[in-house]
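Accompanying notes for the structure given below.
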Amino acid sequence: MEMKEIKAAERTRNITYAVRDVLLIANEVAKTGKKMLYLNIGDPNIYDFVTPRAMIEASYKAMLENKNGYGPSSGVESARDAIARESERKGIKNIRDIFVTTGASEAIDICLTSLVNQGENILTPTPGYPLYTAIQSKLQMEENPYYLDENNGWQPDVEDIKSKINDKTKAIVLINPNNPTGSNSSKETLLKIIDLALEHNLVIFADEIYDKLLMDGETHVSLASLNPEVPVITFGGLSKNYLAPGFRMGWGVISGNEAVLKDYIEAINKILRSRLSANHPIQYSIPVALDGDQSHLDVAMKKLTKRRDLTVEMLNAVPGITCETPRGAFYAFPKLEIKNSDNHFVAELIKETGVVVVPGSGFGQVPGTKHFRVVFLPNEQILEKAYRSIGDFFVKYIEKYEK
């Protein structure tokens, strides 16, 4: 008997992840022998950034001590205690629960799954990290994007958030510092978002995975530190601040009014228990990271600041490209003055130059605008070569496709 094609679940139809999807084009170009310059993935370890040795040694020691079985569902006690201390340093009070996950991505997935029913929605930043919209599609939620204001340093547009809250809205997502724009939200903006959450009985997902990667003397304000009553889940991890994305260590810190959060916290823990545990021995690197030597951050930020400055200078020198100055993380989100889509521009850029960036549409953007995201983790020599190629290509692109 001949078998029929096995159909995928409908919930997967709209799942995209632009950061890696763009590699489908890049891989085909690479097969032709063209030299590739990858500015698409925010992995510091591909470049000249190294995970602090003490974190590696702590994980290795745990393995040698045979801590290789399952761990507690919420995470080992020493890791959770270290996360609590770090949260207190950030000013977060009224902590109700802390849990360790396989990267911050799993924490986000679990918290969304525990909160939002089919047909309901969360307010997601646009531009924003595409994981949120991927999970949104999987859970068959309604889309409800809010915009960041490019003319105001990519700050969240609070009036836009307010106008889009409806009776199906369950949460507001804030990525701060933001991926892909590198913006750092002001205290004033955060307080206004808190007011909206309290007024409309919403949870705030405060994604603060880049909170130590700030430039120009900027400081980070943890949203949950500004109000002990508002229900907030603060996401963090080792991937970015501690240069260890392959460790897959993330966490969530739940804070706010206990009575309001009780049922939701139990739902989160049901899922935590059902998936057993995050990677057990690697969790012993968390206290070493959070409580230990932080000198790697000074080294990293000196490199990133220099590379950020080069990025902004060279891209703004190209007529038809404008780039707001990132204040944190290691991304820039330049604007394109073109008639075609940014998907078309990026595809042609990769084919012609081998420079791999990500189209802005993969992160969301104000309708009618076109952008692309660059990762400025590579050294200055690589970045200079890539940006010269982008500038030269842009002139050719306008002549070929826009006249």
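Charged side chains reduced to their Cβ positions (Lys and Arg at +1, Asp and Glu at -1) give segment 53-291 a dipole of some 820 debye around its Cα centre.
For segment 164-219 and segment 331-364, what is the separation of their Cα centres, given in Å? If we compute the Cα centre of each part, the gap is 26 Å.
Which whole-angstrom value gives the distance between the alpha carbon centres of segment 10-59 and segment 124-146? Taking the Cα centre of segment 124-146 as reference, the centre of segment 10-59 is 21 Å away. Of all segments of the chain bounded by GluC sites (Glu not before Pro) found in a DSSP loop with no more than 16 other C-beta atoms within 10 Å, the longest spans 230-336. Using a Förster radius of 56 Å, what is the FRET efficiency between ARG388 and VAL260 based on their Cβ-Cβ separation? Nearest 0.05, please. For ARG388 and VAL260, the calculated efficiency is 0.55. About its Cα centre, the chain has a charge dipole of approximately 920 debye under the convention of +1 per Lys or Arg Cβ and -1 per Asp or Glu Cβ, with nothing else charged.
Based on DSSP H runs of at least 4 residues, each adding -39500 (n - 2.57), what is the mean residue ellipticity at 222 nm of the chain after dividing by all its residues, to the nearest 500 deg cm²/dmol?
Numbers: 13 runs with 156 residues, N = 403.
Value at 222 nm, helices only, nearest 500: -12000 deg cm²/dmol.
For the chain, hydrophobic long helices are taken as DSSP H runs at least 30 Å long by C-alpha position along their axis with mean Kyte-Doolittle hydropathy of -1.0 or more; these are 295-316. Positive-end ranking of LEU123, PHE247, ILE265 along the dipole of segment 53-291, with charges on Cβ about the Cα centre, is headed by PHE247. Straight-line reach from LYS31: taking Cα to Cα under 16 Å and skipping same-chain neighbours fewer than 8 places apart, the lysines in range are LYS351. Modelled label positions at GLU218 and LYS7, each set 7 Å beyond Cα in the direction of Cβ, lie 4.7 nm from each other.
Can you give the extra length, in nm with one decimal, that the chain gains between LYS302 and ARG89 once fully stretched, where that is 0.36 nm per residue apart less the Cα-Cα distance? Walk me through the numbers before you get to the answer.
Values: separation 213, 0.36 × 213 = 76.68 nm, distance 2.36 nm.
Contour length minus the Cα-Cα distance gives 74.3 nm.
Summing +1 for each Lys or Arg and -1 for each Asp or Glu, what net charge is found among the other residues whose Cβ lies under 10 Å from the Cβ of VAL158? That works out to -4. Of the residues LEU190, ALA9, VAL312, the one whose Cα sits farthest toward the positive end of the charge dipole of the chain, with +1 on the Cβ of Lys and Arg and -1 on the Cβ of Asp and Glu, is ALA9. Working value for segment 320-403: equivalent-ellipsoid semi-axes of 19, 17, 11 Å, each the square root of 5 times a Cα gyration tensor eigenvalue, largest first. At q = 0.09, 0.13, 0.18 Å⁻¹ the log10 of I(q)/I(0) for segment 53-291 amounts to -0.36, -0.75, -1.44, computed by Debye summation with a single uniform scatterer per C-alpha, solvent ignored.
Shape summary of the chain, radius of gyration then Dmax from alpha carbon positions: 21.4, 69 Å.
Just so you know, all these numbers are worked out from the coordinates, no wet-lab data involved. Computed from a prediction, not measured in an experiment: that's the story for all the values here. Note that each Cβ is placed from the backbone with ideal geometry, even for glycine, and that neighbours are counted across all protein chains shown.
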